[in-house]
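Shown next, in structure tokens, is the structure this report addresses.
FYI, it's all coordinate maths here, none of it is from the lab. The model shown is predicted, which means the values in this text are computed figures rather than measured ones. Neighbour counts run over all protein chains shown; Cβ positions are idealised from the backbone, glycine included.
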Amino acid sequence: MVFFAVDGKIYAVRNLCPHQLFSGLHVGILKGHEITCPMHGWTFDVRTGRATVGDGKLRCYEMKVLGNDVWVEKPSKEPEWG
């Protein structure tokens, strides 16, 4: 899981690009609300997980910030990708 802060809001997504299951989104380039996977350049909106370049969808997690704590949902089962 990786967190991105954009415009005062924090987003949590699975650190796994659905294209070739690359687990390096945390070193990608964040521009606005879009993260670019450093492996092949696919981009995703961190608010929705939807691809803006390429295909597929990132797994997004529900979360909230309470004071200095970040609470993130624990999914009942992780999908193999996305």
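Which parts of segment 38-71 would a label at residue 5 reach, counting a residue when its backbone N lies under 16 Å from a point 7 Å out along Cα-to-Cβ? The answer is 64-71. Among the listed values (1) 19, 57, 23, 1; (2) 19, 54, 24, 3; (3) 16, 35, 14, 13, 13, 8, 2, 0, the one computed from these coordinates for P(r) over Cα pairs in 10 Å bins from 0, in percent is (2). Amide H neighbours of residue 22 under 5 Å, at least 5 residues apart or on other chains, H built in the peptide plane: list them. Correct list: 17.
Put a dot 7 Å past the Cα of residue 61, heading toward its Cβ, do the same for residue 26, and the two dots end up 1.1 nm apart.
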